[in-house]
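The structure appears below as structure tokens.
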Amino acid sequence: MDIDLLRAQTPGCAHRVHLNNAGAGLMSTRTLEAMTEHLRLEAEIGGYEAEAAAGPRLEATYAALATLLGGRPEEIALFDNSTHAWNAACYSIPFRAGDRILTGRDEYGSSVLAYLQIAQRTGAELVVIPNDASGQIDLDALRDAVDERTKLIGLTWVPTSGGLINPAAEVGRIAEDSDALYLLDATQVAGQFPIDVATLNCDLLTGTGRKFLRGPRGTGFLWVRPTVLDRMDPFVVEIGSATWDGGRGFTWAPGARRFGTWENSYINIVGLGAAVEQALELGLDAIGKRSQYLGARLRDQLEEIPGVTTHDLGTHRCAIVTAKIAGHGAAEVAGALAKARINVTTTIAVDNPLDTEDRGVHPLVRFSPHYYNTEEELDHAVHAVATLVNSG
């Protein structure tokens, strides 16, 4: 990768150090121009007419996402965010009293709330699998917990709360040996390192465009294995997901699009497609190696500062780095770095409820570099943290 060129094509790199890619990556001029062109087209000829004119470009977004995931375009549904994509999958599983939902301690807060609601509504049981000694989901405990009542295994591959990479493929092999559906949240993975749904053995996978894919906000996607469609009942039906039969019935749209909606932000879909295509051209292997290298470098540098402790779990870690700075609250640190034009964010307990039950470490400062960041930018951020520590 030509880092200098990529940075020149990323307007946000000009005046700040962006280490909040786990929140929202910086869009490239390529994505920005694709969206601006479609917005101008809508203004000039009308929204419906612009959609029709952009038909091949919109379909190309489905194709690009399918390539990104190792699937097929008809297995993709688009949403306005990853939580809605995840909800479309999870709430379409017909749970009954006595069914079991197995999940780990690193689930996103919205997913945990959904599990709790499903349990209250249906009488299903939520079972939280503990972490092993390294902090990743305990595969032996998961294997022991799976039984004939297990309806769903839900896993967050990379949590919002740190650099852990859960063993998603190993969980897939456990799910494959059971009758359970396997729902994998890849929100923090898409665009950060490669995804192959066949290797993962998942049945359902969700993600977003705004983070490491560097796409626009307001984009999410769901991949559905065709063989599980008959085991699911989409929890919402509308004219984009089904066709009226002329009487008192309807038929579902083919493939994953039965989970989607008729109305969409086509500007965002065009932007998402441009961002995914750029990631594919750069290569997810190359992106993954550089991002992981930058994350490890930053983590090591922060750990060398007296008074700074990192809190990332697992045997394999990614570009997300979380830390505490002695004597300074997470929000205070994020605010001080923002004044120095360094973008970071913080973790909060409500986004990580099961992890909070287990560790109680939140809030933390969350740094998340990406491939277009430089070593000099990391050094600058580390220096800013050290200065804050030394200031008392």
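Read the figures in this text as sums done on the coordinates, not as results from a lab. As the structure is a prediction and not an experimental result, all values here were calculated from the model. Don't worry about glycine lacking a Cβ; one is built from the backbone with ideal geometry, like all the others, and counts go over all protein chains shown.
So how do TRP157, TRP244 line up by other beta-carbon neighbours within 10 Å, fewest first?
TRP244, TRP157
Could you check the spin-label model distance between THR36 and ASP179? Points 7 Å from the Cα along Cα→Cβ, value in nm.
Roughly 5.6 nm, to one decimal.
Just how many pairs of Lys in the chain have C-alpha atoms closer than 29 Å, counting pairs that are eight or more places apart or on different chains?
So the count works out to 5.
In whole percent, what relative contact order does the chain give with Cα contacts below 8 Å and a gap of six or more residues?
Computed value for the chain: 23 percent relative contact order.
Tell me the net charge near TRP223. Cut-off is 14 Å between Cβ atoms, TRP223 excluded, with +1 for each Lys or Arg and -1 for each Asp or Glu.
It works out to a net charge of -1.
Say each of GLU332 and ASN390 gets a label point 7 Å from the Cα, pointing the same way as Cα to Cβ; how far apart are those two points in nm?
Rounded to a tenth, the inter-label distance reads 1.9 nm.
Could you compute the net charge surrounding LEU205? Neighbours are other residues with a C-beta less than 11 Å from the C-beta of LEU205; K and R count +1, D and E count -1.
Summing Lys and Arg as +1 and Asp and Glu as -1 gives -3.
What full-extension length gain, to one decimal in nm, is calculated for ASP4 and SER265 as 0.36 nm per residue of separation minus the Cα-Cα distance?
Contour length minus the Cα-Cα distance gives 90.8 nm.
Neighbouring Cβ atoms within 10 Å as the yardstick, rank TYR115, TYR372, TYR48 fewest first.
By the 10 Å Cβ count, ascending, the order reads TYR48, TYR115, TYR372.
Hey, what number do you get for the chain at 222 nm if only DSSP H runs of n ≥ 4 count, each worth -39500 (n - 2.57), divided across all residues, to the nearest 500?
My calculation for the chain gives -12000 deg cm²/dmol from helical runs alone.
Could you calculate the contour length gain from ARG248 to ASP379, that is, 0.36 nm times the residue separation minus the distance between their Cα atoms, to one decimal place in nm?
40.7 nm
Counting only trypsin sites (Lys or Arg not before Pro) that sit in a DSSP loop (anything but H, G, I, E, B) with at most 13 other Cβ atoms within 10 Å, what is the longest stretch of the chain containing none of them?
97-247
Please label the shape of the range 109-165 as rounded, prolate or oblate, based on the square roots a ≥ b ≥ c of the eigenvalues of the alpha-carbon gyration tensor (a/c under 1.5 means rounded; beyond that, a/b larger than b/c means prolate, else oblate).
It is oblate, given that a/c is not under 1.5 and a/b is not larger than b/c.
What is the sum of charges, Lys and Arg at +1 and Asp and Glu at -1, for the other residues whose Cβ falls under 11 Å from the Cβ of VAL321?
In short, +1.
Rounded to the nearest whole Å³, what is the per residue volume of the convex hull around the Cα atoms of the range 29-281?
Spelled out: Cα convex hull of the range 29-281, divided by residues, is 127 Å³.
What does a probe at ASP140 reach in the range 158-179, counting residues whose amide N is under 19 Å from the point 7 Å along Cα→Cβ?
167-168, 170-175
How would PHE235, PHE259 line up from fewest to most surrounding beta-carbon atoms within 10 angstrom?
PHE235, PHE259
I'd like the distance between the alpha-carbon centres of the range 38-114 and the range 328-371, rounded to an integer number of Å.
When both Cα centres are located, 27 Å separates them.
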